[in-house]
Each structure stands twice: as structure tokens, then as C-alpha cells.
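Enquirer: Submitted below is the structure of interest, expressed as C-alpha cells.
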Amino acid sequence: MIKQNNLFSEAHYMCGVCSEAVTNPLCPICLTTEIEAWLTLYPDLGEKLLPKLKTYIYNLKNNLVESTQCIKCKDKKAEVCPYCFTELVLGELKKINASPFILREFFEFFNFDLHHRGYSKEAEALGVI
Ligand SMILES: [Zn+2]
Ligand SMILES: [Zn+2]
């Protein structure tokens, strides 16, 4: 894996899941708010998915250590990078059999695989990127 970012100061925290520096710090709580907004279009899906995300966030909050400041809410809660969090959401979407249409839309809105080493391949297969 190539490390492209040597610009970071010591103050950058690592993602608690993948151990990479959190380069695009948007906390799971803010991301869930965005996902929730998206899912108002698909209430059935929201009913299945959102309780899982809320449980995840609840557990995260209980184990919170000081981490990267979120660019949106400015709280130091971006302990999990947006990639890891959206990958988790993608996994949950698949578990509840979300259609390829939904997955495609999810990738359109929430693609944080900036280094193209994770779920981008799936997004490519769906013709999103
Ligand atoms: Zn991560
Ligand atoms: Zn936030």
C-alpha cells in the first residue's frame, strides 16, 4: 500500500479500524445524518438499516477516545474514517438485500474510496465510477 500523504502533522489521529490517518474526517455521526436524509426516499430500507447504524454509533460513543476533529460538527469524534464507516454501511445494505439500484446510488453519494483499493471495484461493476 502506497502512503501518499506525508503532509500530516503528528496531530493526525489514525482510524480505529484501518489504522490509516483520517484524511477526510467526517465522523460516523454526521455520515449517518446524511445517510438518514438519503433514506427518507426509501423508508423501508431506512427502517432496517438505521437501527443498526445507531447501535454502532452508540457503541462508538461509549468507547470514545479523543480523535480527529470532524470537518462538519467540529467534535473530535472522527475516530473511524469515512471509508471504513461507509464500507460497514455497504455491508449492512447487502445483508438486507438492497437492490443494485440502491447500491449504485449509495456509491454516488458516499464514495470515500479515494485510493481505489476497496469497494471501488464494486462501484465500477455497477457502472458508477
Ligand atoms: Zn479506516
Ligand atoms: Zn461530525
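Where a number appears in this text, it was derived from the coordinates with a stated rule and is not lab data. No experiment lies behind these values; they were computed from the predicted model shown. Cβ placement follows ideal geometry from the backbone for every residue including glycine, while neighbour counts extend to all protein chains displayed.
Enquirer: Return the Rg/Rh value of the chain, two decimal places, where both radii are evaluated on C-alpha atoms and Rh is the Kirkwood radius.
Expert: Numbers: Rg = 14.8 Å, Rh = 15.3 Å.
With Rg and the Kirkwood Rh in hand, the quotient comes to 0.97.
Enquirer: Please check the chain for the longest run free of GluC sites (Glu not before Pro) that are loop-located per DSSP (anything but H, G, I, E, B) and have at most 13 other Cβ atoms within 10 Å. All intermediate terms of the calculation are to be shown ahead of the outcome.
Expert: Values: sites that count: 10, 66.
The answer is 67-129.
Enquirer: Given axes a ≥ b ≥ c from the Cα gyration tensor, I'd like to know whether the stretch 79-129 is rounded (a/c under 1.5), prolate (a/b larger than b/c) or oblate.
Expert: Working: a/c = 1.97, a/b = 1.16, b/c = 1.70.
It is oblate, given that a/c is not under 1.5 and a/b is not larger than b/c.
Enquirer: Further question: Taking R0 as 30 Å, what's the FRET efficiency between residue 122 and residue 44 from their Cβ-Cβ distance, rounded to 0.05? Working shown, then result.
Expert: On the way: r = 22 Å, r/R0 = 0.75.
Taking R0 as 30 Å, the efficiency between residue 122 and residue 44 is 0.85.
Enquirer: Further question: Using 0.36 nm per residue, how much length does the chain from residue 97 to residue 76 gain when fully extended, once their Cα-Cα distance is taken away? Working shown, then result.
Expert: Values: separation 21, 0.36 × 21 = 7.56 nm, distance 3.34 nm.
Stretched out fully, the residue 97 to residue 76 stretch lengthens by 4.2 nm.
Enquirer: Put +1 on the Cβ of each Lys and Arg and -1 on the Cβ of each Asp and Glu in the chain; which of 33, 88, 59 then has its Cα farthest toward the positive end of the dipole?
Expert: Checking the options against the dipole of the chain, the answer is 59.
Enquirer: Based on Cβ point charges of +1 for Lys and Arg and -1 for Asp and Glu, what charge dipole magnitude is obtained for the chain about its Cα centre, in debye rounded to the nearest 20? Don't skip to the answer; put the middle values down first.
Expert: Working: 14 positive and 16 negative charges, 39 e Å.
Using Cβ point charges on Lys, Arg, Asp and Glu, the chain gives about 180 debye.
Enquirer: I would also like to ask the following. With each label point set 7 Å from Cα along the Cα-Cβ vector, what nm distance links residue 109 and residue 61?
Expert: In this crude label model, residue 109 to residue 61 measures out at 2.2 nm.
Enquirer: Among 123, 107, 14, pick out the residue whose Cα is farthest towards the positive end of the charge dipole of the chain, where Lys and Arg carry +1 and Asp and Glu carry -1 on C-beta, about the Cα centre.
Expert: Checked the options; the winner is 14.
Enquirer: Could you work out the relative contact order of the stretch 28-125? I mean the mean sequence separation of Cα pairs under 8 Å and 6+ apart, divided by the number of residues, in percent. Walk me through the intermediate numbers first.
Expert: Working: 59 pairs, mean separation 22.9, N = 98.
Taking the mean separation of contacting Cα pairs over the length of the stretch 28-125, I get 23 percent.
Enquirer: Using only Cα atoms, tell me the angle between helix 82-95 and the longest principal axis of the chain; keep it within 0 to 90° and round to the nearest 10.
Expert: Once rounded, the angle reads 20 degrees.
Enquirer: Search the structure for amide H atoms under 5 Å from the amide H of residue 80, placed 1.01 Å from N in the peptide plane, and list their residues when 5 or more places away or on another chain.
Expert: Those qualifying (amide H under 5 Å, at least 5 residues apart or on another chain) are 16.
Enquirer: Moving on. Between the DSSP loop rule and a limit of at most 11 other Cβ atoms within 10 Å, which trypsin sites (Lys or Arg not before Pro) in the stretch 20-124 are left? Walk me through the intermediate numbers first.
Expert: Numbers: sites: 48, 52, 54, 61, 72, 74, 76, 77, 94, 95, 104, 117, 121; in loops: 72, 74, 76, 77, 117.
Sites meeting the loop and neighbour criteria: 74, 117.
Enquirer: Quick check on the chain: helices-only [θ] at 222 nm, where DSSP H runs of length 4 and up contribute -39,500 (n - 2.57) each and the sum goes over total residues. Nearest 500, please. Display every interim value, and only then the final one.
Expert: Values: 5 runs with 63 residues, N = 129.
Calculated from helices alone, the mean residue ellipticity at 222 nm is -15500 deg cm²/dmol.
Enquirer: Determine, for the chain, the count of lysine pairs separated by eight or more sequence positions (or lying on different chains) whose alpha-carbon distance falls under 14 Å. Could the numbers behind the result be given before it?
Expert: Values: 48/94; 48/95; 52/94; 52/95; 61/76; 61/77.
For the chain, the number of qualifying lysine pairs is 6.
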